[in-house]
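Chemist: Below is a structure I'd like to ask you about.
What follows is calculated from the coordinates using simple rules that are stated; it is not laboratory data. What you are looking at is a predicted structure, and each value in this text was computed from that prediction instead of being measured. Glycine also receives a Cβ, built like all others from the backbone with ideal geometry; neighbour counts cover every protein chain displayed.
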Amino acid sequence: MAWEHEDVVKHWPPKVIVGKQVGEERVILVEENESVAVRLVEVDCEWMFSNPTGLFNLSIPDKAFRTPNYQAMTYEQFKTLVRKQRLAEQAEGD
């Protein structure tokens, strides 16, 4: 969907959403001295490309926008509202 939907913000490089860890972590490197210990750990996670629109992210459609009056608005409700406003503006212009 990235870059194909009219509402998705164009961005490069493509952003990703990282989800939950799906595998065991693997220690790649361990370096220690008297001051610090450094561990490089590799993990496998679910991920997908991000499709931000500004208020919403089409990759996670269940995530609602909280309006200033503390109500939740889904992307579908937002698009319906925008369509109604455009139709009203067109009716006024005629």
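Chemist: Which of rounded, prolate or oblate describes the chain when judged by the alpha-carbon gyration tensor and an a/c cut-off of 1.5? Walk me through the intermediate numbers first.
Modeler: Numbers: a/c = 3.63, a/b = 2.98, b/c = 1.22.
It comes out prolate by the Cα gyration axes.
Chemist: Compare the peptides 22-34, 48-60 by average per-residue count of other Cβ atoms within 10 angstrom and give them in order, highest first.
Modeler: On the way: 22-34: 8.8, 48-60: 15.8.
Those peptides, ordered most packed to least, come out 48-60, 22-34.
Chemist: How tilted is helix 75-93 with respect to the longest principal axis of the chain? Cα atoms for both, answer in degrees (0 to 90, nearest 10).
Modeler: Between helix and principal axis, roughly 30 degrees.
Chemist: Full extension from Asn33 to Arg86: what is 0.36 nm times the residue separation minus their Cα-Cα distance, to one decimal in nm? The partial results should precede the final answer.
Modeler: Numbers: separation 53, 0.36 × 53 = 19.08 nm, distance 6.51 nm.
Here the answer is 12.6 nm.
Chemist: How big is the Cα convex hull of region 1-53 in projection, averaged over all directions, in nm²?
Modeler: Details: hull surface 22.6 nm².
Average of the hull's projected areas for region 1-53 equals 5.7 nm².
Chemist: Okay, next question. What is the local net charge at Leu29, summed over the other residues whose Cβ is closer than 15 Å to its Cβ (Lys, Arg +1; Asp, Glu -1)? The partial results should precede the final answer.
Modeler: Details: positive: Arg26, Arg39; negative: Glu25, Glu31, Glu32, Glu42.
Taking every other residue near Leu29 into account, the sum is -2.
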